[in-house]
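Everything below concerns the one structure shown next.
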Amino acid sequence: MKPLVVCYSYTGKTKKLCGRLAGKLKADFVEIREIVRPSMISAYTRGGYLAMNRGTTDIRPLKTDVGAYPVQIVASPVWAGNVPPAMNDYLREYDLIGKTVYGVLTCSARAGNAAERLREEIEKAGAKCPNVVVLREKDGDFKAVESGQKQFFLEDGLLVLRDGDRV
Ligand SMILES: Cc1cc2nc3c(=O)[nH]c(=O)nc-3n(C[C@H](O)[C@H](O)[C@H](O)COP(=O)(O)O)c2cc1C
C-alpha cells in the first residue's frame, strides 16, 4: 500500500519539497487548503497566535480518501515555533486511529516547539508517530533535497533524510 503525503504549504516551499518526498517514496499526495486563505499579515498575527495556542482553522474537505492510507506523512511549515492551525485541523478532523503518521516540518531557521507539538497532535489523534523530520532552509536542507543530494527513505520504521544517489 502506497503511503500518502498530506501537505500544508503557505508559500509553496513545503509543497515543492513534498514533490521530492512523494516521488522518492512513490507516495500519493494531497494538499490541505484553508477555506479562507489568510493574508501574509494575518498569517503572522492571527495564524501565529493560533499556532502558539494549538488552535485550528477550517480546511476544505480533502479530495482523497485519507482513511484508505494506513501510512501517512504529514508535512507543513513551522509557524511561530509551532504547528500551523490548518495542520492541527487536519489532525483533529480526520480519523487517524491506528495509522502510522510521520511528520515533516520546514522552517527558515528555528523549529521551536513544532516537532514536539506535531508528535503530540498525531498521538492525540490515535496514530503512531515514529518520528518527525525537520528541514531548515538556513542549513541548506531545502537545496539538498531539491538537488537530489539528500533523499527521503523509509528505513527501519523511520522516515530518514540522508545522502542518496544523485538523480
Ligand atoms: C506565519 C509564519 C510564521 C513563521 N514562523 C517561523 C518560525 O517560527 N521559525 C522559522 O524558522 N521559520 C518560520 N517561518 C518560515 C517558514 O516556516 C518557512 O519559510 C517554511 O519553509 C515555509 O513553508 P511554506 O512555503 O510551505 O509555507 C514562518 C513563516 C510564516 C508565514
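Bear in mind these aren't lab numbers, they're just calculated from the coordinates by the rules spelled out. Predicted model, so just to flag it, every value in this text is computed and none were measured. All Cβ positions, glycine included, derive from the backbone under ideal geometry; neighbour counts span all protein chains shown.
Here are a few things to note about the model shown:
- Summarising the strand pairing of the stretch 4-163, around 25 percent of its internal DSSP beta bridges are antiparallel.
- Neighbourhood charge, 10 Å Cβ-Cβ cut-off, centred on ARG162 and excluding it, Lys, Arg +1 and Asp, Glu -1: -1
- Applying a DSSP loop filter and a limit of 14 other Cβ atoms within 10 Å to the trypsin sites (Lys or Arg not before Pro) in the stretch 79-157 leaves ARG110.
- Separation between Cα centres of the stretch 1-56 and the stretch 83-133, rounded to whole Å: 11
- For the stretch 86-100, putting each phi into the Karplus relation 6.51 cos²θ - 1.76 cosθ + 1.60 with θ = phi - 60° gives couplings of 5, 6, 4, 4, 4, 5, 9, 8, 9, 7, 10, 4, x, 8, 10 Hz, in residue order, rounded to whole numbers and with x for Gly and Pro.
- Taking label positions 7 Å along the Cα-Cβ direction at both VAL160 and ARG33, the computed distance is 3.7 nm, reported to one decimal.
- Cα gyration tensor shape of the stretch 19-167, rounded if a/c is under 1.5, else prolate or oblate by comparing a/b with b/c: oblate
- Residue-averaged [θ]222 nm for the chain, counting only DSSP H segments that reach four residues, each worth -39500 (n - 2.57): -7500 deg cm²/dmol
- Free-standing Cys residues across the chain, given no other cysteine C-beta under 4.7 angstrom: CYS107, CYS129
- Pairs over the 29 Å Cα-Cα cut-off, from the set LYS16/LYS128; LYS63/LYS138; LYS99/LYS143: LYS63/LYS138; LYS99/LYS143.
- Among ILE41, ILE73, ILE97, residue whose mean-square fluctuation peaks in a GNM of the chain (springs only between Cα atoms under 10 Å): ILE41
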